[in-house]
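Worksheet: the structure to be examined is printed underneath.
The values are calculated or read from the model by the stated rules, or taken from the named source; none is laboratory data. A quick note: this is a predicted structure, and the numbers were derived from the prediction, not measured. Quick reminder, even Gly has a Cβ in these numbers, built from the backbone with ideal geometry, and neighbours come from all protein chains shown. Heavy atoms of the whole protein, side chains included, go into the accessibility calculation; ligands, DNA and RNA do not. Shrake-Rupley method; radii C 1.70, N 1.55, O 1.52, S 1.80 Å.
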Amino acid sequence: MSHTTPLSLFLFEDREAVQFHPLTLTRPLDDLRIGICTIREKWERVLNPSAVTRTLRDNLQGVFEAPALPDDQECLLINSRLLPDPELVAAIQALQAGEGLSRKGVLLAGRTDGKSANRWLNEFPADPASHFSLREETSAALIHFVWNLFKRNGEEIRRDISLLKPVQLDPTARVADSAVLQNRSEIYIGKHAVIEPGAILMADRGPIYIGEGATVMAGAILRGGTAVCAGSEIKMGARIYGNTTVGPVCKVGGEVNNVIFHSYSNKAHDGYAGNSVFGQWCNLGADSNTSNLKNNYGTVQFLNWNTGNEEETGEIFMGTIMADHSKTGINAMLNTGTNCGVCCNLFSDGYPPKHVPSFSWVNGSRIDLYQFDKAVETMRRTMARRGVTLTDSYIGMMRGIFETRENPGG
């Protein structure tokens, strides 16, 4: 296949996409960030498609786009749980019409015509693999569970560095003379970024990416691989260990190890977060701490949002998964393997439950309903502070989550 042939991209969710709830209650799976980029951004970068669409659940309509594709172009279908690597991308680009890649009956990728792709936009087939002549692909990076995000994050930071090919030091960036940059060849500092006096960037164990307009304040210590995305701030004296992503427009301080922050989320004060993923618009109050290791060093059980059952993860290190617009009060403590839904408030001097349903107001073991109108007003104020408008479609998405909150699979 010629690389110049115009192709469309269709990102689809399969039945396992529910394993990424509650983060995906408010976004398609391809909008999850792992490494520097979202999954969608990775595939756009490697395939350079002429048009992009996705399967979109009913509750996300109007919040995210899923446009029709050109009928006269062939289309590559990509499973949203699939992460690109050079060998996989080459195999996908070599597919002919009607051919696909699979693993144990799960469709990973396929090539079809634009008309078929547009029909699938309206009604995606229950067994998409049956529509292709398949070749088994065993080495592709396919994520299965929500904790795979932080587990694979360091590797994906490295891959995204290769993908983005950032400059090592943009001429508009400002790096203080007293800042320490160890292993400079693995440090990338973007446009108008600021590294203040006394900051230490240690890239001997992996690359460090500082995005456009990001700031690393005085005395902060960063160890690679770490990504600080556009417009974010690392607060004074912060200790940021490897395999961590601070998404766009976040403020992060204290001690952080192997954590992903999606955009517009803050952990601006002291306290520890480890082996965790936080969605958008989250805020951790001062001295909030996430436990990421059981006292008996046993593996962590984690609640499956779709079934409501606790399941064995096989992971020894696992902190908190927290969905969009959730917050903790000062001195909050989160237990190992906490799973917190959308739009929750957690405040107490004891551990809250490990499973927190969406729209919960939690004080210790007591969970009250977070009234919808009050939650929306807080959303509106929070988003307005960052110049983001709360739309009717977004409110409608949130109302659907609120109305099904008693059902974890809602």
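Table for the structure above
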read-out: Residues GLU310 and ALA176, FRET efficiency given R0 of 60 Å [Cβ-Cβ distance, rounded to 0.05]; value: 0.80
read-out: Rounded to whole Hz, the Karplus (6.51, -1.76, 1.60) HN-Hα couplings of segment 249-255, x for glycine and proline; value: 6, 10, 10, 9, x, x, 10
read-out: Between segment 189-206 and segment 38-69, the Cα center-to-center distance that results, in Å; value: 33 Å
read-out: Cα-centre dipole for segment 44-156 with unit charges at Cβ (Lys and Arg positive, Asp and Glu negative), debye to 20; value: 320 debye
read-out: Given charges at beta-carbon only (K, R positive; D, E negative), |dipole| of the chain in Debye; value: 740 debye
read-out: For ARG174, residues with placed amide H under 5 Å, excluding near neighbours; value: ALA193, VAL194, ILE195
read-out: Charge-dipole axis of the chain as Lys and Arg at +1 and Asp and Glu at -1 on Cβ define it, positive-most pick from ALA97, SER8, SER276; value: SER276
read-out: Probe 1.4 Å, accessible area per residue of the chain, Å²; value: 42 Å²
read-out: Accessible-area order (highest first, 1.4 angstrom probe) of the listed residues LYS267, LYS191, LYS354; value: LYS191, LYS354, LYS267
read-out: Between segment 130-151 and segment 344-410, the Cα center-to-center distance that results, in Å; value: 32 Å
read-out: Listed peptides 52-61, 268-277 by packing density, highest first (mean Cβ within 10 Å); value: 268-277, 52-61
read-out: Rounded to whole Hz, the Karplus (6.51, -1.76, 1.60) HN-Hα couplings of segment 372-379, x for glycine and proline; value: 4, 4, 5, 5, 5, 5, 5, 4
read-out: Helical contribution to [θ] at 222 nm, DSSP H n ≥ 4, -39,500 (n - 2.57), averaged over the chain, rounded to 500; value: -4500 deg cm²/dmol
read-out: Spin-label proximity, GLU136 to segment 93-119 - amide N less than 13 Å from point 7 Å beyond Cα toward beta carbon; value: 102-106
read-out: Sites LYS165 and THR5 - FRET efficiency at Förster radius 25 Å, r taken between beta-carbons, to 0.05; value: 0.60
read-out: Phi to ³J(HN,Hα) by Karplus 6.51 cos²θ - 1.76 cosθ + 1.60 over segment 46-58, Hz, x for Gly, Pro; value: 7, 9, 6, x, 7, 8, 9, 9, 7, 5, 9, 5, 4
read-out: Stretchable slack from ASP72 to ARG386, in nm (0.36 nm times residue separation minus alpha-carbon distance); value: 109.0 nm
read-out: Highest-first arrangement of 363-370, 95-102, 242-249, where packing means the average Cβ count within 10 Å; value: 242-249, 95-102, 363-370
read-out: Mean projection area, nm², convex hull over Cα of the chain; value: 19.7 nm²
read-out: Hydrodynamic radius by Kirkwood, which averages 1/r over all alpha carbon pairs of segment 1-95, in angstrom; value: 14.0 Å
read-out: Gained length - ASN48 relative to LYS374, 0.36 nm times residue gap less alpha-carbon distance; value: 113.1 nm
